[in-house]
Amino acid sequence: LFFVGATKALICDLSGKLRWTGKPSEALPKPLWSDGNVIVCFDGDRLVRYGHGVEPALPTDSVARKALAADMVTRFDKLDQSDIARLETLGDEAFSAVLKGLLEAEAAYDAAGNGPNSFKLYQRYHALGSVLMKVASAKRTSDLVGAIRSGKGKSSQPFILQVLAAKGSPKEVVPIFIQQLEGVKTPGWEMYESNTYIAREYILN
């Protein structure tokens, strides 16, 4: 039996014994079918098949952790919420792979235009932007600034600027944020996910 509430999710067996509890975001998506060995769920976009098993422990070696992060970003579309949380726990060792994946997904989105895969690519780089916020730290400021200065990823720049605002070293962040504002006339209506809004909010604070 699967229960998902506002603040807690749990799984019980048919006798009522509690088998698992956690946050709603960690729960299985909506179950649709099971034969007793596997269960098929629908997460709103795709069918996901779960079988009995235990996740292997995260590697402790830095090289192996970076390789795992790179592999998970490569197959990001197949990860569920628990997988994404696992990727986030790799922290700094996942940073390079996540930033690279974000820029690649955004470039693919821009190239797709209004094609049939555009929404899926949009979802991918938005999700990777959220992961980047979790794995970034002040020591990665130069990498993030470099991504902005490269001129790549116009659509992903607001995500990177948000990460810089939250995690970056002010000594490096202030100059690039001022540069975002120089010579730019504030539009009458400014989107919250825009370079100028993020930069102005940061400088004002």
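The values are calculated or read from the model by the stated rules, or taken from the named source; none is laboratory data. Note that this is a predicted model, so its numbers are computed, not measured. Quick reminder, even Gly has a Cβ in these numbers, built from the backbone with ideal geometry, and neighbours come from all protein chains shown. The protein model used for the area step is the full one, side chains on, heavy atoms only, and it has no ligands, DNA or RNA in it. Shrake-Rupley method; radii C 1.70, N 1.55, O 1.52, S 1.80 Å.
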**Message:** Using only the alpha-carbon atoms, how far is helix 195-204 inclined from the longest principal axis of the chain? Give it as 0 to 90 degrees, nearest 10.
**Reply:** 80 degrees
**Complete:** Residue separation between Ala64 and Ala138 times 0.36 nm, minus their alpha-carbon distance, gives in nm 24.3 nm
**Asked** Along its principal axes, what span do the Cα atoms of the range 98-205 show, with the longest given first and each in whole Å?
**Response** 40, 35, 21
**Request:** With a 1.4 Å probe and every protein chain left in place, tell me how much accessible area Thr74 has, in Å² to the nearest 10.
**Result:** 110 Å²
**Request:** May I ask you to give the solvent-accessible area per residue for the range 29-179, in square angstrom, as obtained with a 1.4 angstrom probe?
**Result:** 55 Å²
**Asked** Given the Cα-Cα distance of Asn37 and Arg75 and 0.36 nm per residue of separation, how much length would full extension add, in nm?
**Response** 11.2 nm
**Message:** Quick check: with the 1.4 Å probe, what order do Met72, Met133 take by accessible area, largest first?
**Reply:** Met133, Met72
**Item:** Electrostatic dipole magnitude of the range 124-170 [Cβ: Lys, Arg +1; Asp, Glu -1; Cα centre; debye, to 20]
**Value:** 80 debye
**Asked** What's the carbon and sulfur percent of the chain's accessible surface, probe 1.4 angstrom, rounded to a whole number?
**Response** 57 percent
**Request:** Enumerate the calculated ³J(HN,Hα) couplings along the range 23-40 in order (Karplus 6.51 cos²θ - 1.76 cosθ + 1.60, θ = phi - 60°), each rounded to whole Hz, writing x wherever the residue is Gly or Pro.
**Result:** 7, x, 5, 8, 6, 4, x, 4, x, 10, 7, 8, 10, x, 10, 10, 10, 9
**Nearest-20 debye value, the range 83-186 charge dipole, Cβ charges on Lys, Arg, Asp, Glu** = 140 debye
**Prompt:** At Ala57 and Asn205, where each label point lies 7 Å from the Cα along Cα→Cβ, what is the point-to-point distance in nanometres?
**Reply:** 3.9 nm
**Loop trypsin sites (Lys or Arg not before Pro), the range 41-91 (other Cβ atoms within 10 Å of the site Cβ: 16 or fewer; DSSP)** = Arg46, Arg75
**Asked** Taking a label point 7 Å from the Cα of Ser130 along the Cα→Cβ vector, which residues of the range 15-29 have an amide N closer than 20 Å to it?
**Response** 22-29
**Message:** To make sure I understand the rule: partners must be aspartates and glutamates, Cα under 13 Å from the Cα of Lys100, and not fewer than 8 residues away in the same chain. Which ones qualify?
**Reply:** Asp71, Asp143
**Asked** In degrees between 0 and 90, to the nearest 10, how far off the longest principal axis of the chain does helix 170-181 point, with axes built from Cα atoms?
**Response** 70 degrees
**Item:** Projected label distance in nm at Asp45 and Phe3, using a 7 Å step from Cα toward the beta-carbon
**Value:** 3.0 nm
**Prompt:** Given only helices, namely DSSP H runs of n ≥ 4 each adding -39500 (n - 2.57), what is the per-residue ellipticity at 222 nm of the chain, to the nearest 500 deg cm²/dmol?
**Reply:** -15500 deg cm²/dmol
**Prompt:** Let a ≥ b ≥ c be the square roots of the eigenvalues of the Cα gyration tensor of the chain; is it rounded (a/c under 1.5), or, if not, prolate (a/b larger than b/c) or oblate?
**Reply:** prolate
**Asked** Say R0 is 22 Å: what FRET efficiency, to the nearest 0.05, do Lys120 and Leu10 get from their beta-carbon distance?
**Response** 0.10
**Asked** Which of the peptides 167-176, 9-18 is most tightly packed, and how do the rest follow, judged by the mean count of other Cβ atoms within 10 Å per residue?
**Response** 167-176, 9-18
**Prompt:** Pairing the Cα long axis of helix 157-167 with the longest principal axis of the chain, what angle in degrees results, from 0 to 90 and rounded to the nearest 10?
**Reply:** 80 degrees
